[in-house]
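Peer 1: Please read through the structure below; I'll follow up with questions.
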Amino acid sequence: MGIDRREFLKIIGASAAFALGGMTIVDAIVKDDAEAAQYTPEPGALVAGQWAMVIDMWKFKTEDDRKRVIDACNSAHNIPDFGEAKDEVKWIWDDSFEHAFPETEQKYLQASLEKMPFLLMCNHCENPPCVRVCPTKATFKRSDGIVMQDMHRCIGCRFCMAACPYGSRSFNWSDPRPYIKHENPNYPTRTKGVVEKCTFCVERLAKGEMPACVEASNGAMVFGDLKDPNSKVRKLLESTYTIRRKPELGTGPNIYYVIRGADNA
Ligand code: SF4
Ligand code: SF4
Ligand code: SF4
């Protein structure tokens, strides 16, 4: 179900007012060291002025293609499988065109496009409402545009979940550790009561590696620097018609989806 710009601004306003009320207490106990939570770049780290992703769903031929990408993220980041949709923790997931792009719905939409599942994730928004409402700075925007999530600093108030118009954040209603299928010892696990989401694989970028989903996508997902006119994402955006989720809200999503007719796939 979509929300319009007016409803969205109402939520943001209400959440921001709450957040402001909590600021004085939280500021007294938490020092402003959000930047310290970033991964230290190693030699050869991938850097950008503004990271962005272009996703071409036409290149995902089977459900297994999508599953491979989702599994890559889940196993890299110790994402629990609680088994129940209401408790689901998801960093990248698939949903219908209708749900992903409610504002682009139209009666004569090409049937193939309408039926196509789209991979969704945090949009690493240019103006992230989640960051605006977070009272502890557990979520913050880096200088390269990545919207980070510091699970140690998160107090589980879920203002950010109310503020995100894309459903990109998940809450751990219980201890996630027993629900991790194969624990990756190189990535931290989380605790009950914290919010989590996609971080554009900052831990991999710091080591010079592409995001896990991009690596598993066989070229269907392209990641790069929006500020570099020679980057692959820029070239793709200049040559292909793309759309973003709910652009009318003014959040400035940095995930782009290639749209074209089945004849050109
Ligand atoms: S998609 Fe949601 S969680 Fe991600 S940056 Fe935008 S508002 Fe925040
Ligand atoms: S749940 Fe955590 S990240 Fe979200 S607003 Fe509250 S403290 Fe910030
Ligand atoms: S960029 Fe990384 S964290 Fe985000 S969905 Fe892809 S694999 Fe998961």
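Peer 1: Between residue 65 and residue 103, how many nm apart are label points set 7 Å from Cα along the C-beta direction?
Peer 2: 2.8 nm
Peer 1: Based only on other Cβ atoms within 10 Å, what is the fewest-to-most ordering of 55, 259?
Peer 2: 259, 55
Peer 1: Let me ask something else. Excluding residue 126 itself, what net charge comes from residues whose Cβ is under 15 Å from its Cβ, given Lys and Arg +1 and Asp and Glu -1?
Peer 2: +4
Peer 1: Just from the alpha-carbon atoms, what are the Rg and Dmax of the stretch 48-264 in angstroms?
Peer 2: Final numbers for Rg and Dmax: 16.9, 49 Å.
Peer 1: State log₁₀ I(q)/I(0) for the stretch 50-170 at q = 0.09, 0.14, 0.18, 0.20 Å⁻¹ as given by the Debye formula over alpha-carbon point scatterers of equal weight, solvent excluded.
Peer 2: Debye output, listed in q order: -0.30, -0.72, -1.14, -1.32.
Peer 1: Next question. For the stretch 104-185, what does the alpha-carbon gyration tensor say about shape, rounded, prolate or oblate, given a ≥ b ≥ c as the root eigenvalues, a/c under 1.5 as rounded, and a/b over b/c as prolate?
Peer 2: It is oblate, given that a/c is not under 1.5 and a/b is not larger than b/c.
Peer 1: Output the pairs from 86/207; 86/246; 141/192 with a Cα-Cα distance over 32 Å in this structure; if there are none, say none.
Peer 2: Pairs exceeding 32 Å: 86/207.
Peer 1: Taking a 18 Å limit on the Cα-Cα distance, which of the listed pairs 90/227; 59/115; 61/115; 59/232 fall beyond it?
Peer 2: 90/227
Peer 1: Could you list 168, 75, 96, 239 so that the one with the fewest beta carbons within 10 Å of its beta carbon is first and the one with the most is last?
Peer 2: 239, 96, 75, 168
Peer 1: Could you compute the FRET efficiency for residue 192 and residue 112, with r as their C-beta to C-beta distance and R0 at 35 Å, rounded to 0.05?
Peer 2: 0.25
Peer 1: With contacts defined as alpha carbon pairs under 8 Å and 6 or more residues apart, what's the relative contact order of the stretch 48-264 in percent?
Peer 2: 33 percent
Peer 1: Of 173, 91, how do they rank once you tally other Cβ atoms within 10 Å and put the fewest first?
Peer 2: So the ranking, lowest neighbour count to highest, is 173, 91.
A short reminder: the numbers here are calculations on the coordinates, not readings from a lab. It should be emphasised that the depicted structure is a prediction, and the values quoted were computed from it without experimental measurement. In this analysis, Cβ positions are derived from the backbone assuming ideal geometry, glycine residues included, and neighbour counts consider all displayed protein chains.
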